[in-house]
1. Right, Leu356: of a type in the set (A, V, I, L, M, F, W, C) and crowded, with 20+ Cβ neighbours inside 10 Å or not?
2. Out of Glu57, Glu69, report the one residue that is more than 30 Å from Ser278 (Cα to Cα), touching a Lys or Arg at 6+ places or on another chain (Cβ under 6 Å) and surrounded by fewer than 20 Cβ atoms within 10 Å (Cβ to Cβ).
3. I'd like the full set of residues that are in a strand (DSSP E or B) and hydrophobic (A, V, I, L, M, F, W, C), limited to region 369-405.
4. Tell me, yes or no, whether region 326-342 has at least one residue that is assigned to a helix (DSSP H, G or I), farther than 18 Å from Gly132 by Cα and more than 20 Å from the chain's Cα centre (by Cα).
5. Would you confirm, using the coordinates I've provided, whether Leu129 is closer than 26 Å to Leu259 by Cβ, out of contact with any helix residue (DSSP H, G or I) (no Cβ under 6 Å at 6 or more places or on another chain) and assigned to a loop (DSSP other than H, G, I, E, B)?
6. Test each condition in (1) touching a helix residue (DSSP H, G or I) at 6+ places or on another chain (Cβ under 8 Å); (2) surrounded by 11 or more Cβ atoms within 10 Å (Cβ to Cβ); (3) not small (Gly, Ala, Ser) for Asp6 and report the one that comes out false.
7. Does Lys35 count as charged (D, E, K, R), under 22 Å from Arg277 (Cα atoms) and in a loop (DSSP other than H, G, I, E, B)?
8. Confirm whether Thr366 is closer than 22 Å to Trp216 by Cβ, part of a loop (DSSP other than H, G, I, E, B) and in contact with a helix residue (DSSP H, G or I) (Cβ under 6 Å, 6 or more places away or on another chain).
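The values are calculated or read from the model by the stated rules, or taken from the named source; none is laboratory data. Just so we're clear, the structure is a prediction, and the values are computed from it rather than from any experiment. Because the Cβ atoms are built from the backbone with ideal geometry, glycine has one as well, and the counts that use them run over all protein chains shown.
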Amino acid sequence: MKRKEDRNIEGRTLKPESLMMSYGYEAARSEGALKCPIFQTSTFVFQTAEEGKKFFEVAYGLRKQDPSEKLGLIYSRLNNPDLEILEDRLTLWDNAEACAVFESGMAAISTLLLEYASPGDLILHSEPLYGGTDHFLHHILPRFGIETAGFPADATEKDMRRVLEETGKADKLAMVFIETPSNPTNRLVDIEACAKIAKEHDTPLAVDNTFLGPLWQHPLALGADFVIYSATKFIGGHSDVIAGVCLGSKEGITRVKGLRTFLGTLAGPWTGWLLLRSLETLKLRMTCQMKNARFVADFLNDHPKVQKVYYLGMLEEGSHQRSVYKRQCESPGSMISFDVKGGEAEAFRFLNALQLFHLAVSLGGTESLAEHPGTMTHADVSPESQNRMGIGAGMLRLSIGVENPEDLVTDLKQALEKV
């Protein structure tokens with residue numbers, strides 16, 4: 001890993017987009033290769049038996065790691081050069097102390113929740129959430145005796161507290177878990193309010209920052225203890241890799257990595273290498289996508305067959321949501337949801353008529369995608385819950401890519417004509 005002082009040139013602290021090219025990697029240690037090689041190996045050779053003993057003592061928690069001691073390479077289920085360099089580099093965007101990379105976003109979420117919650121505990125969460133997260137909270141964790149309670153994404157601090165108190169288990173609160181903006185309704189959760197509640201109960205706040213991060217929102221700076229990403233999305237950005245990320249304090253991430261070792265949820269070297277490549281263009285891609293989304297949202301907002309647009313750049317001035325946006329977001333991002341007039345049949349006609357947009361789930365890739373949340377990403381959420389969360393039969397979700405924005409609008413226009 002490069003020294004911390006290598007982040008500065010003549011007193012100027014370099015920006016993350018500059019450091020994405022080389023931070024954490026020393027070419028001299030890899031035969032002078034400009035880019036980090038793929039360390040496709042399952043195990044690593046110890047120089048001495050004594051060295052191997054020391055590595056395992058730290059890896060298995062038999063003793064505390066000395067401040068000047070570097071955890072050696074042992075086995076690629078525990079650590080790997082590609083993943084260690086990637087983890088160092090990922091800390092830069094969120095100014096985090098440490099990072100853990102996983103084989104998927106759900107691996108990151110499930111490992112974090114299982115590390116901090118025990119039978120009899122309660123997890124307070126925002127809703128709606130990504131469908132996979134929702135399923136894990138409501139169908140998997142109860143099998144381990146862990147209860148959950150949800151509050152609306154746009155709830156006030158007072159409403160969050162009311163939901164918590166009504167559970168009768170505030171004293172058993174193990175974690176506050178939120179996703180902001182919410183998927184697919186693009187509603188913002190007040191991170192600072194959640195952090196205040198979590199701190200009062202001496203419990204961590206975890207934020208799924210996939211929709212806006214790591215460029216447009218920084219939860220750790222707002223009081224969160226953990227930030228989660230589906231790195232499949234913007235961080236990977238090319239729809240060709242599955243991965244997840246968890247960032248936080250060194251102490252917290254050490255705990256998460258401990259369970260990761262025994263669940264076997266660490267990503268592989270190929271995944272690490274692909275993400276290192278993608279990080280170099282992250283700001284370019286996300287900036288282009290954000291600009292394209294503004295163009296698309298304006299078009300949809302003026303179209304007679306569109307009932308409502310859910311886009312962070314169109315929040316009502318003076319509203320609670322607008323206030324939250326100003327405090328915690330740096331950009332509206334590139335996710336747009338909208339209600340087409342009608343219902344499922346009209347939504348499906350629109351989707352089936354698209355030519356440039358791809359009808360597929362996921363998001364954050366270079367290509368623009370469209371999907372129907374009610375029957376696709378959130379199909380596992382009951383109709384009653386969908387209605388309560390604002391996921392209607394006519395709702396469509398768009399992930400805006402890097403194509404020409406006028407071409408995107410042309411495709412949307414001809415598809416809406418089919419509705």
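1. Working: of a type in the set (A, V, I, L, M, F, W, C): yes; crowded, with 20+ Cβ neighbours inside 10 Å: no.
No; evaluated as a whole, the condition is false for this residue.
2. Details: Glu69 fails: touching a Lys or Arg at 6+ places or on another chain (Cβ under 6 Å).
Residue meeting the stated conditions: Glu57.
3. Let us first name the residues in region 369-405 that are in a strand (DSSP E or B), namely 369-371, 395-399.
Selection gives Leu369, Ala370, Met395, Leu396, Leu398.
4. Of the residues in region 326-342, the ones assigned to a helix (DSSP H, G or I) are 326-328.
Now drop any that are not farther than 18 Å from Gly132 by Cα, which leaves 326-328.
Next cut, more than 20 Å from the chain's Cα centre (by Cα) only: 326.
Scanning region 326-342 turns up at least one residue that is assigned to a helix (DSSP H, G or I), farther than 18 Å from Gly132 by Cα and more than 20 Å from the chain's Cα centre (by Cα).
5. Working: closer than 26 Å to Leu259 by Cβ: yes; out of contact with any helix residue (DSSP H, G or I) (no Cβ under 6 Å at 6 or more places or on another chain): yes; assigned to a loop (DSSP other than H, G, I, E, B): yes.
Yes, satisfied.
6. All conditions are met except number (1).
7. Values: charged (D, E, K, R): yes; under 22 Å from Arg277 (Cα atoms): yes; in a loop (DSSP other than H, G, I, E, B): yes.
Here the answer is yes, as Lys35 does meet what is asked.
8. Working: closer than 22 Å to Trp216 by Cβ: yes; part of a loop (DSSP other than H, G, I, E, B): yes; in contact with a helix residue (DSSP H, G or I) (Cβ under 6 Å, 6 or more places away or on another chain): no.
In short, no.
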